[in-house]
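As structure tokens, the structure follows; a few thoughts come after it.
The values are calculated or read from the model by the stated rules, or taken from the named source; none is laboratory data. These figures come from a predicted structure and were not determined experimentally. Neighbour counts are summed over all protein chains in view; Cβ atoms, including those assigned to glycine, are modelled from backbone coordinates with ideal geometry. Calculation scope for accessible area: heavy atoms of the full protein, side chains included, ligands and nucleic acids excluded. Shrake-Rupley method; radii C 1.70, N 1.55, O 1.52, S 1.80 Å.
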Amino acid sequence: MNVPSRTATAHCKNVRISPFKVRQLLELIRGKNAAQALNILKFSNKRAAKFVTNVLKSAIANAEHNFAMDIDKLFIASAFANQATMMKRFRPVSMGRAHPYVHRCSHITISVAEA
């Protein structure tokens, strides 16, 4: 992936949602203009949209404050969600047994750059 040299990045760690579900939204906004990406997330009916919107707004604020980039020229340089720690639990079932299950968590990272 060709990422520009000057990018502003934002992270959100240990979000209690599966990375597979977050990646579905990140594919929609990757490479888009920042304002257009916020509009896509605003009208998305996925639960992950709330978390991705917060990370994207943070990345935009970092670009403006730390690097004095123009907000109107920003685009999504990279966006990905990695597997975080899993919460392992057990559910009781019949005859005194237990079935394991896991709650998956995500690390969301978004980088923005000037066009």
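What the table below lists for this structure:
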read-out	value
Where Cα atoms sit under 20 Å apart: lysine pairs in the chain separated by 8 or more or lying on different chains	21
Chymotrypsin sites (Phe, Trp or Tyr not before Pro) within the stretch 12-115: DSSP coil, no more than 10 neighbouring Cβ in 10 Å	43
Under 5 Å, built H, 5+ apart or other chain: amide partners of residue 32	76
Length-normalised contact order for the chain - Cα pairs under 8 Å, 6+ apart - percent	41 percent
Percent of Cα pairs exceeding the 19 Å cut-off, where the set is the stretch 1-61	28 percent
Given charges at Cβ of Lys, Arg, Asp, Glu: the chain dipole, positive-most of 106, 67, 35	106
Cβ-based net charge around residue 69, under 13 Å, with every Lys or Arg adding one and every Asp or Glu removing one	-2
Area of residue 69 that stays accessible when all protein chains are in place (1.4 Å probe, Å², to 10)	10 Å²
For the chain, accessible area per residue (1.4 Å probe, heavy atoms of protein chains only), Å²	63 Å²
Gained length - residue 64 relative to residue 90, 0.36 nm times residue gap less alpha-carbon distance	4.8 nm
Trypsin sites (Lys or Arg not before Pro) within the stretch 17-115, DSSP loop, no more than 12 other Cβ atoms inside 10 Å	47, 97
Difference of contour (0.36 nm per residue) and Cα-Cα distance, residue 35 to residue 72	12.6 nm
For residue 69, distant residues with modelled amide H under 5 Å away	64
Segment residue 99-residue 20, extension gain: residue separation times 0.36 nm, minus the distance between their alpha carbons	26.2 nm
Angle in degrees between helix 19-29 and the longest Cα principal axis of the chain, rounded to the nearest 10	20 degrees
Area of residue 107 that stays accessible when all protein chains are in place (1.4 Å probe, Å², to 10)	50 Å²
Entry for P(r) over Cα pairs in 10 Å bins from 0, in percent (calculated from the structure that is shown) out of (i) 14, 47, 30, 7, 1; (ii) 15, 40, 25, 11, 6, 3, 0; (iii) 15, 52, 31, 2	(ii)
For the stretch 1-108, size of Cβ-based charge dipole, Lys and Arg +1, Asp and Glu -1, in debye	720 debye
Estimated 222 nm signal from helices in the chain, with DSSP H stretches of n ≥ 4 weighted -39500 (n - 2.57), rounded to 500	-11000 deg cm²/dmol
